[in-house]
Amino acid sequence: MILPQLLWRFARHRDDPEFYRMQAEDAIRWLASRGVGIGPGLSVLDLGCGHGVFGGALRDRGCAVTFADESNALLDRFRGEPFKPIDLDRDDVGTLGTYDLVICSNVFEHLSQPRRFLREAHRLLKPGGRLYLSWTNWLSPWGGHEFSPWHYLGPRLGPRIHDALGKPRFHKPGVNLFVTHIGRTLGWIAADGTLATEARAPRYYTELGFLLALPVVRECLAWNCALLLRRKD
């Protein structure tokens, strides 16, 4: 369980590159435990890569990594790596190519059209390819991001109360942060029929994967939902 270490790191250093490296390393261990062959020969797309820390950790293991995001904000040590610009709410994902593994970490809750992405995601995968989808669901303790826990009062009232306390806020519900639910997302995946769910767990305590099988409970107790999805052939 990596959650205590992440909370300690965030309290002392906020979300610095080491914070995201810890997240990435833990997620890679989980992927490997689920049968994903991490290493040379695996083509990877780090989708919504941000500074490229997750993709960089896979590159360090020998994977062939392509980075993609709206703009190139990669750390200097990744600047020479393949990068493709993409707006997931508007652009055609088909322009990105196909991969053995697509990483989409902490992006889903920032999409205004999350179901559109799920419907199109299979086009990014080679036959038998997998998608690692991880995001902060709205009712989790961190659902409102920096205005948590006020998000439990709703996407309108919660931010207002946070703002009244005089604290800065980057995320705006309905603009760059959207209400997402685990159950609804799993329902979309099942209904669309292009992806199969191989594994699911609370990202930062994957040992408690059974929580994701409990409707309602999972919405509040999963700090971040992690899904391993496979393209249906």
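The values are calculated or read from the model by the stated rules, or taken from the named source; none is laboratory data. A quick note: this is a predicted structure, and the numbers were derived from the prediction, not measured. Please note: Cβ atoms are built from the backbone with ideal geometry, for glycine as well, and neighbour counts cover all protein chains shown.
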Task: Checklist (1) more than 21 Å from W135 (Cα to Cα); (2) free of Cβ contacts under 8 Å to residues at least 12 places away in the same chain applied to R61, failing item - done: (2)
Task: Residue satisfying condition, being over 28 Å from R184 (Cβ atoms) and either touching a helix residue (DSSP H, G or I) at 6+ places or on another chain (Cβ under 8 Å) or among the hydrophobic types (A, V, I, L, M, F, W, C) (or both), within set F108, F78, F54 - done: F78
TODO: Pick out the one residue from R169, R184 that is surrounded by fewer than 18 Cβ atoms within 10 Å (Cβ to Cβ), more than 30 Å from K126 (Cβ to Cβ) and charged (D, E, K, R).
DONE: R169
Task: Residue satisfying condition, being more than 27 Å from R34 (Cβ to Cβ) and under 19 Å from the mean Cα position of the chain (by Cα), within set F117, F83, F108 - done: F83
Open item on the list: Considering only residues that are of a type in the set (D, E, K, R) and over 21 Å from L31 (Cα atoms), which ones fall in region 81-108?
Closed with: E81, K84, D87, D89, R90, D91, D92
- [ ] Name every residue in region 191-233 that is more than 25 Å from P141 (Cβ to Cβ) and either surrounded by 21 or more Cβ atoms within 10 Å (Cβ to Cβ) or free of Cβ contacts under 8 Å to residues at least 60 places away in the same chain (or both), in order of residue number.
- [x] A191, G193, L195, A196
TODO: Check off (1) crowded, with 20+ Cβ neighbours inside 10 Å; (2) modelled with pLDDT of 95 or more for L74 and give me the number that stays unchecked.
DONE: (2)
Open item on the list: If I filter region 138-153 for residues that are surrounded by fewer than 20 Cβ atoms within 10 Å (Cβ to Cβ), among the aliphatic types (A, V, I, L, M), without any contact (Cβ under 8 Å) to a residue 12 or more places away in the chain and over 19 Å from P114 (Cβ atoms), do I get at least one hit?
Closed with: yes
TODO: Could you run through region 129-146 and say how many residues are part of a loop (DSSP other than H, G, I, E, B) and in contact with a His (Cβ under 8 Å, 6 or more places away or on another chain)?
DONE: 6
Open item on the list: Of everything in region 55-70, what is touching a strand residue (DSSP E or B) at 6+ places or on another chain (Cβ under 7 Å) and either over 22 Å from E120 (Cα atoms) or surrounded by fewer than 16 Cβ atoms within 10 Å (Cβ to Cβ) (or both)? Give them in sequence order.
Closed with: L58, R59, C63, A64, E70
Open item on the list: I'd like the full set of residues that are of a type in the set (A, V, I, L, M), at pLDDT 95 or above and part of a loop (DSSP other than H, G, I, E, B), limited to region 153-197.
Closed with: V179
Task: Some residue of region 19-27 being part of a strand (DSSP E or B), crowded, with 20+ Cβ neighbours inside 10 Å and touching a Ser or Thr at 6+ places or on another chain (Cβ under 9 Å) - done: no
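Which residues, taken from region 113-128, are in a helix (DSSP H, G or I) and out of contact with any Phe, Trp or Tyr (no Cβ under 9 Å at 6 or more places or on another chain)? First the steps, then the outcome.
Within region 113-128, the first condition is being in a helix (DSSP H, G or I), and the residues that meet it are 114-124.
R116, E120, A121, H122, R123 - these are the residues of region 113-128 that are in a helix (DSSP H, G or I) and out of contact with any Phe, Trp or Tyr (no Cβ under 9 Å at 6 or more places or on another chain).
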TODO: Kindly indicate the residue of region 77-112 that is in contact (Cβ under 8 Å) with a residue 40 or more places away in the chain and assigned to a strand (DSSP E or B) and also surrounded by the fewest Cβ atoms within 10 Å (Cβ to Cβ) among those meeting that condition.
DONE: D100
